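Trainee: Could you have a look at this structure, given as structure tokens, before my questions?
The values are calculated or read from the model by the stated rules, or taken from the named source; none is laboratory data. Owing to the predicted nature of the structure, the values given are computational and were not obtained by experimental measurement. A quick note on method: Cβ atoms are made from the backbone with ideal geometry, for glycine too, and the neighbour counts reach across all protein chains shown. Quick note on the areas: whole protein, heavy atoms, side chains included, nothing else; ligands and nucleic acids left out. Shrake-Rupley method; radii C 1.70, N 1.55, O 1.52, S 1.80 Å.
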Amino acid sequence: MGEDAAHRAEMEATGAELPTADLQRAIAQGELDVLFQPQVAFETGAIVGVEALARWEHSLLGAIGAEQLFASAERAGLGPALSAHVQTLALARAAAWPRPLDGLRLSVNVTAGDLSRDDFASVFLTRATDNGFPVARMTIEITETGLIASLEQAAAQLASLRAAGCRVAIDDFGTGYSSLAYLKALPLDYLKIDRALTQDIAGSPRDRVIVRGVIGIARGLGLTVIAEGVETAEQRDLLAAEGCDLYQGFLCAEAVDTAALARLVEERSCAV
């Protein structure tokens with residue numbers, strides 16, 4: 001057990017890949033799970049949506065999160081298979097939500113590879129219809145798993161999704177591959193500020209200026225702003241003062257299963 005823990009810690013520290021054969025088996029045999037992290041409105045404190053996040057309980061390495069899963073899958077050539085599997089699972093789980101969760105928006109992640117396919121929008125919409133989740137309550141989050149090769153191609157796919165009723169978010173803005181070019185070229189509804197910026201907002205005047213600037217750009221483009229990685233009341237209050245709309249992070253909850261999500265929604269609804 002000690003060796004397994006050490007191996008896992010080493011993989012996390014070095015960004016090492018997960019075994020390809022293990023990933024293939026996990027996808028084929030349905031070993032992956034999907035949890036939901038709440039998105040909270042600053043104005044009311046109510047949970048208004050969730051982001052679906054993949055999880056894998058590896059027999060030796062323990063819990064593996066979405067970031068490491070997708071990074072390893074992309075390098076192993078399994079990105080499209082993993083993306084499709086997680087999207088389908090998230091839609092199926094959300095379609096079976098109990099009544100207290102009926103009004104929530106569901107955010108699912110799509111990759112640069114997804115958006116490079118000519119048929120992605122039609123395939124995704126068929127997937128949503130087959131699983132019975134309302135397209136009008138869906139948000140597509142563009143993750144930073146890789147650089148979008150053709151912004152024109154991606155824009156066309158996203159425009160088709162928006163025409164069908166989906167909303168679109170740019171994820172992890174401020175780090176990685178996300179750039180001002182994405183804001184210029186892609187049809188968007190939400191901008192999500194990366195946790196690397198929000199977590200330092202209380203202690204770094206420079207970070208606060210940057211966050212203020214990002215929110216200002218989003219406002220000018222008519223976008224709703226979501227702050228990721230909010231862990232303290234101080235961070236929440238500063239982001240609210242800067243005009244942020246929604247937040248997600250451990251201050252409200254980590255990613256949880258459906259039963260825990262229903263309890264959180266009920267508790268916050270009563271509090272409001």
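Trainee: Counting only residues that are under 19 Å from residue 211 (Cβ atoms) and at pLDDT 95 or above, which one in the range 166-188 is surrounded by the fewest Cβ atoms within 10 Å (Cβ to Cβ)?
Mentor: Result: 169.
Trainee: List pairs: first in the range 97-122 and without any contact (Cβ under 8 Å) to a residue 40 or more places away in the chain, second open to solvent by 40 Å² or more (accessible area, probe 1.4 Å), Cβ under 6 Å, 6+ apart or cross-chain?
Mentor: Listed by first residue and then by second, the contacts come to 113/80; 116/149.
Trainee: Name, by its number, the condition in (1) open to solvent by less than 10 Å² (accessible area, probe 1.4 Å); (2) touching a helix residue (DSSP H, G or I) at 6+ places or on another chain (Cβ under 7 Å) that does not hold for residue 207.
Mentor: In the conditions (1) open to solvent by less than 10 Å² (accessible area, probe 1.4 Å); (2) touching a helix residue (DSSP H, G or I) at 6+ places or on another chain (Cβ under 7 Å), residue 207 misses (1) alone.
Trainee: Which one is nearest to the chain's Cα centre (by Cα), of the residues in the range 92-111 that are closer than 12 Å to residue 140 by Cα and among the hydrophobic types (A, V, I, L, M, F, W, C)?
Mentor: 108
Trainee: Would you please name the residue that is most open to solvent (accessible area, probe 1.4 Å), looking only at residues in the range 96-121 that are hydroxyl-bearing (Ser, Thr, Tyr) and within 17 Å of residue 187 (Cβ to Cβ)?
Mentor: 116
Trainee: Scan the range 76-86 and give yes if some residue there is surrounded by fewer than 22 Cβ atoms within 10 Å (Cβ to Cβ), over 23 Å from residue 23 (Cα atoms) and not small (Gly, Ala, Ser), otherwise no.
Mentor: no
Trainee: So residue 219 passes all but one of these: (1) basic (Lys, Arg); (2) in contact with an Asp or Glu (Cβ under 9 Å, 6 or more places away or on another chain); (3) over 20 Å from residue 253 (Cβ atoms). Which condition number does it fail?
Mentor: Exception for residue 219: condition (2).
Trainee: Right, here's the next one. Which of the residues spanning the range 52-75 are closer than 14 Å to residue 25 by Cβ, surrounded by fewer than 20 Cβ atoms within 10 Å (Cβ to Cβ) and touching a residue at least 40 places away in the same chain (Cβ under 8 Å)?
Mentor: 58, 60, 61
Trainee: Checking the condition more than 17 Å from the chain's Cα centre (by Cα) and within 28 Å of residue 72 (Cα to Cα), which residue from 191, 125 passes?
Mentor: Result of the check over 191, 125: 125.
Trainee: Could you list, in sequence order, the residues of the range 163-179 that are closer than 19 Å to residue 244 by Cβ, touching a helix residue (DSSP H, G or I) at 6+ places or on another chain (Cβ under 9 Å) and of a type outside the set (Phe, Trp, Tyr)?
Mentor: Matches in the range 163-179: 167, 168, 170, 172, 174, 175.
Trainee: Can you name every residue in the range 240-263 that is among the hydrophobic types (A, V, I, L, M, F, W, C) and open to solvent by 30 Å² or more (accessible area, probe 1.4 Å)?
Mentor: Listed by number, the residues that qualify are 240, 241, 250, 251, 259.
Trainee: Could you pull out the residue among 194, 237 that is on the phi < 0 side of the Ramachandran plot, acidic (Asp, Glu) and open to solvent by 20 Å² or more (accessible area, probe 1.4 Å)?
Mentor: Step by step, each of 194, 237 is checked, and only 237 is on the phi < 0 side of the Ramachandran plot, acidic (Asp, Glu) and open to solvent by 20 Å² or more (accessible area, probe 1.4 Å).
Trainee: Would you confirm, using the coordinates I've provided, whether residue 93 is open to solvent by 70 Å² or more (accessible area, probe 1.4 Å), outside any strand (DSSP E or B) and closer than 27 Å to residue 164 by Cβ?
Mentor: yes
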